[in-house]
Amino acid sequence: MRNLTDPVRRRAARILGQQPVPVGIAGGVFSISFDDFPQSAWEVAGPILKDHGVLATYFVAGGLCDGENIGKRQFSVNDLQALFEAGHEVGCHTFDHVSALRIGPAALEAQIARNARWVSERLDGHTMTQFAWPFGDVSLSAKAVVARHFEHSRGVRDGVNSGRADRNNLQAIGLESRRLPHYDLEALMARTADSNGWLIAYGHDVEDNPTPYGCTPEDLVRIIEMARQAGLTIAPVSSAASMMASTRI
Ligand SMILES: [Zn+2]
């Protein structure tokens, strides 16, 4: 499909190669995730999550460690180890933060293997079971690769996962300053609760002056409080998946 344009390939991958799984968690569940990830997703967001008794999922790209991305300093090994010890989940986001539309299946396999090794060496043998697509870019051939390694993969397409959801491209909303003003969060939360669904949010930096891809500390607090008001359980991606398996209704 290399002669097709990226939007066509993305659309094809959304429609084709689906592996629908039933979603059903009594009362609905909300997962918070951070991608890449910028240091403030731990230094600033970590204490907020702790104050509210919330565990999140950090989708890590090992190659970004100690580096800079979207103009923001990225995590250190110390950050990664600290959040893991605090009980947060660490998931996979490829090693070099590379789009699945830019590389073939063999290179994607190598990216996944390298990230798995890198994380395992730093987190006491931890095996990542969940994946997030860099840039939300999904291709059909990549889906087949990722499905072999991970229970679920999260994209960036807006929406609540309910009824049946593609385990290889779960929908999610952006904890992003460019997107947040356009959501009716209350309605999304209510729909999640009513449909026994799964709402996943993803973000990057958490700062007073966030990038378009990040949010403020107040945004994070607000979304946690709204989820609680809607009666949603808040759990990392793999925990939500386990709840689905055990309490499917
Ligand atoms: Zn990313």
Counting only strands (runs of 3 or more DSSP E) wholly inside segment 11-84, the ones holding at least 1 residues that are within 15 Å of the ligand (Cβ to nearest atom) and at pLDDT 95 or above are 29-36, 57-60
Which of the residues belonging to segment 169-191 are of a type outside the set (D, E, K, R), farther than 21 Å from A45 by Cβ and over 11 Å from the mean Cα position of the chain (by Cα)? H182, A187, A190
Check segment 85-101 and report whether any residue there is away from the ligand (no atom under 16 Å from the Cβ), surrounded by 14 or more Cβ atoms within 10 Å (Cβ to Cβ) and over 15 Å from T127 (Cα atoms). no
Residue hits (segment 203-213; surrounded by fewer than 24 Cβ atoms within 10 Å (Cβ to Cβ) and within 16 Å of the ligand (Cβ to nearest atom)) are T211, P212, Y213
Working only within segment 214-238, note down all residues that are within 16 Å of the ligand (Cβ to nearest atom) and of a type in the set (V, I, T). V237
Count - residues of segment 1-10 that are surrounded by fewer than 18 Cβ atoms within 10 Å (Cβ to Cβ) and within 16 Å of the ligand (Cβ to nearest atom): 0
Looking at segment 43-58 only, could you name the residues that are surrounded by 17 or more Cβ atoms within 10 Å (Cβ to Cβ) and more than 13 Å from P217 (Cβ to Cβ)? V54, L55, A56, T57, Y58
Restricting the search to segment 133-154, which residues are in a loop (DSSP other than H, G, I, E, B), within 15 Å of the ligand (Cβ to nearest atom), touching a residue at least 60 places away in the same chain (Cβ under 8 Å) and crowded, with 21+ Cβ neighbours inside 10 Å? V138
Any residue in segment 163-179 that's under 30 Å from D208 (Cβ atoms) and crowded, with 24+ Cβ neighbours inside 10 Å: show its pairings with residues that are modelled with pLDDT of 95 or more and small (G, A, S) at Cβ separation under 6 Å, as long as the two are six or more apart or on different chains. L175/A201; L175/G203
Would you mind finding the one in T216, T192, T233, T211 that is touching a Lys or Arg at 6+ places or on another chain (Cβ under 8 Å), modelled with pLDDT of 95 or more and not hydrophobic (A, V, I, L, M, F, W, C)? T211
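The values are calculated or read from the model by the stated rules, or taken from the named source; none is laboratory data. Because the structure is a prediction, the values reported are computed rather than measured. Cβ atoms come from the backbone with ideal geometry, glycine included; neighbour counts cover every protein chain shown.
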